[in-house]
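Student: I am attaching a structure below and will ask some questions about it afterwards.
The values are calculated or read from the model by the stated rules, or taken from the named source; none is laboratory data. For clarity, every value in this text was computed on a predicted model and none was experimentally measured. Ideal geometry is used to build each Cβ from the backbone, glycine not excepted, and the neighbour counts take in all protein chains shown. Ligands, DNA and RNA are excluded from the accessible area calculation, which covers all protein heavy atoms including side chains. Shrake-Rupley method; radii C 1.70, N 1.55, O 1.52, S 1.80 Å.
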Amino acid sequence: MENHFQINKAVFFFLILPIALFFASCSQSAPEVASTDYSVIFDYNDEKTLPQARLSVFALSASDVRRYQKIKITNFETGYTWETDVIDILEANEQQWAGCTNLKAPENEVLPCGQYELTYYNADEKECTVVLDVQYDLAFYNVVLSALSDVMTKKNGIEKIAIYDKEHILIYFGERTQELKSTRDIWIKYRDAGFYQIIWYSRDGTVICIEPEKLVVPESENE
């Protein structure tokens, strides 16, 4: 089963992630991959609770991703294994990416750092295995929303804004410029805007923090 990405919420998860090279071991006529991205995404639901973390992994494919049928991900140190036939696919600029954006650790545990083995299977069970080294700052598990801006600023993080229309289709993703500081500012520039989110990226791209969605209110001068 495949999830084809449209221009929606999922796209910005890996728009500016750095590309990491990896070792690939592929059987004949198997899926072919050239590079991979990863990030740990921290989702905030409200001001008081700590964020929930998930791992996002993607591979740039040199073969037709429409033939991919299954992905298996294993962490070498813990033995944690995820296996799914729900494959997220992005096709843009004549490139094809395939991966998962929602890999979670067992309850009350963190996503382990270290090496992960990713195995891609196509429709006839041919496979390609890649080894990815995941490293990120575990301190983000303890950062509440009210402290996020200060923490990211001190770490030279990158602030972005995603603006959606009332159907939750992404209409802008990019720098949060001065003209996009308040909800009224957003409405003036994008009259069909319905919601927005602030997204913080760590400088090395290994961590993405996604703030709760907020309404675009024309009368409001606040964030």
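Student: For a quick check of your reading of the filter: which trypsin sites (Lys or Arg not before Pro) in segment 134-169 sit in a DSSP loop and have no more than 13 other Cβ atoms within 10 Å?
Tutor: K166
Student: Related question: Can you work out the Karplus-derived ³J(HN,Hα) for every residue in segment 79-88? Use 6.51 cos²θ - 1.76 cosθ + 1.60 with θ = phi - 60°, whole Hz, and x for glycine or proline.
Tutor: Here the 3J(HN,Hα) series is x, 4, 9, 10, 9, 8, 9, 8, 10, 7 Hz.
Student: Could you derive backbone 3J(HN,Hα) for segment 148-153 from the dihedral phi with the Karplus parameters 6.51, -1.76 and 1.60 (θ = phi - 60°), listing whole Hz in sequence and x where the residue is Gly or Pro?
Tutor: 4, 4, 5, 4, 5, 5
Student: Which order do peptides 203-216, 95-108 fall in by mean Cβ count within 10 Å, highest first?
Tutor: Ranking, from highest mean packing down: 203-216, 95-108.
Student: Follow-up. Between E117 and R67, what FRET efficiency comes out of the Förster formula 1/(1 + (r/R0)^6) with R0 = 25 Å and r the beta carbon distance, rounded to 0.05?
Tutor: Computed FRET efficiency for R67 and E117: 0.75.
Student: If amide H atoms are built 1.01 Å from N in the plane of the peptide, which residues on other chains or at least 5 residues away come under 5 Å of the amide H of G194?
Tutor: Hits under the 5 Å cutoff: Y164, D165, K166.
Student: Given a 1.4 Å probe and every protein chain left where it sits, what share in percent of the accessible area of segment 143-223 is carbon and sulfur?
Tutor: 49
Student: Next question, about the same structure. If you count only protein heavy atoms with a 1.4 Å probe, what accessible area per residue comes out for segment 88-223, rounded to a whole Å²?
Tutor: 50
Student: Find which of A139, A92, N122 sits farthest along the positive direction of the dipole of segment 65-150, computed with +1 on the beta-carbon of Lys and Arg, -1 on that of Asp and Glu, about the Cα centre.
Tutor: Result: N122.
Student: Take the alpha carbon atoms of segment 144-166, find their center, do the same for segment 38-65, and report the distance between the two centers in whole angstrom.
Tutor: So the separation of the two Cα centres works out to 15 Å.
Student: So, one more: Which value does Rg/Rh take for segment 69-162 over its C-alpha atoms, Rh per Kirkwood?
Tutor: Taking Rh as the inverse mean 1/r over Cα pairs, Rg/Rh reads 1.04.
Student: I've got another one for you. For a 24 Å ceiling on Cα separation, which of these pairs sit above it: K72/K160; K104/K181; K48/K189; K189/K214; K166/K189?
Tutor: Going by Cα-Cα distance, K72/K160; K104/K181; K48/K189 fall outside the 24 Å limit.
Student: For F76 and L138, calculate 0.36 nm times their separation in residues minus their Cα-Cα distance, and state this gained length in nm to one decimal.
Tutor: Result for the pair: 20.5 nm of gain on full extension.
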